[in-house]
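Novice: One structure is given below, represented as structure tokens, and several questions about it will come after.
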Amino acid sequence: MPGTGVLRDRQAMTNSLDIPRIAFVQAGWHADLLDGARDAFQARMAELGVPAEGIRHFDVPGAFEIPLFARRLAQSSQYDAIVGAALVVNGGIYRHEFVAQAVVDGLMRVQLDTDVPVFSMSLTPHHFHSHDEHYGFFDEHLRHKGREVADACVGMLRALANIAPESTQKESQT
């Protein structure tokens, strides 16, 4: 059954025998900024009791590729949760809102189809320029988002663990 990993007890996340398995999938565009978000995610996960060995990082070419990659990871049954990270900016060629929406919709579909929690840290700023002031702002903002998605990830795994015994009990009664 896809997603069975999330049904394991997550209350004792510091137990080295029951480390949650998290995939962090990162787009290649603006990797310098996303690296900071990934580092903040990793640091916050450690604060929450999830050691580095429970997190695996993957790089994909761009944001648009994240949903397919996330689906393959979810279908592997090797991960309890997946995070997709991207910075989608207006490049002047196409509507960046389309790409951002397609990514978020794709990630939601993966989550609902596989029963593996999938989190989006795909950000789409209205105005982004690579000068120092914007770069500094988005570097800090993405680090903040990395911490936030770590909190969401652990929170959701704990919430799912709270309903797992009831779900398992109902399945055994049928």
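Novice: Tell me which residues, restricted to the stretch 70-89, are touching a Gly at 6+ places or on another chain (Cβ under 9 Å), surrounded by fewer than 20 Cβ atoms within 10 Å (Cβ to Cβ) and not small (Gly, Ala, Ser).
Specialist: Within the stretch 70-89, just Gln78 meets the criteria.
Novice: Could you grab me the full set of residues in the stretch 137-166 that are open to solvent by 40 Å² or more (accessible area, probe 1.4 Å) and at pLDDT below 90?
Specialist: Phe137, Glu140, His141, Arg143, His144, Lys145, Asn162, Ile163, Pro165, Glu166
Novice: Within the stretch 98-136, track down each residue that is hydrophobic (A, V, I, L, M, F, W, C), modelled with pLDDT of 75 or more, within 21 Å of Gly62 (Cα to Cα) and open to solvent by 40 Å² or more (accessible area, probe 1.4 Å).
Specialist: Val104, Met108
Novice: I've got another one for you. Please go through the stretch 53-64 and pick out each residue that is within 28 Å of Arg158 (Cβ to Cβ), open to solvent by 60 Å² or more (accessible area, probe 1.4 Å) and assigned to a helix (DSSP H, G or I).
Specialist: Matches in the stretch 53-64: Glu53 only.
Novice: Which one is surrounded by the most Cβ atoms within 10 Å (Cβ to Cβ), of the residues in the stretch 25-37 that are in contact with a helix residue (DSSP H, G or I) (Cβ under 8 Å, 6 or more places away or on another chain) and either small (Gly, Ala, Ser) or modelled with pLDDT of 90 or more (or both)? Please lay out each step first, then the result.
Specialist: Here is the first cut: in the stretch 25-37, the ones in contact with a helix residue (DSSP H, G or I) (Cβ under 8 Å, 6 or more places away or on another chain) are 25-27, 29, 33-34, 36-37.
Within this subset, residues satisfying the condition of being either small (Gly, Ala, Ser) or modelled with pLDDT of 90 or more (or both) are 25-27, 36-37.
Working: Val25: 23, Gln26: 24, Ala27: 23, Gly36: 19, Ala37: 29.
Taking the candidates together, the pick is Ala37.
The values are calculated or read from the model by the stated rules, or taken from the named source; none is laboratory data. Keep in mind the model is a prediction, meaning the values are calculated, not measured. Positions of Cβ are generated from backbone atoms using ideal geometry, with glycine treated the same way; all protein chains shown enter the neighbour counts. Side chains are part of the model used for accessible areas, which takes the heavy atoms of the whole protein and leaves out ligands, DNA and RNA. Shrake-Rupley method; radii C 1.70, N 1.55, O 1.52, S 1.80 Å.
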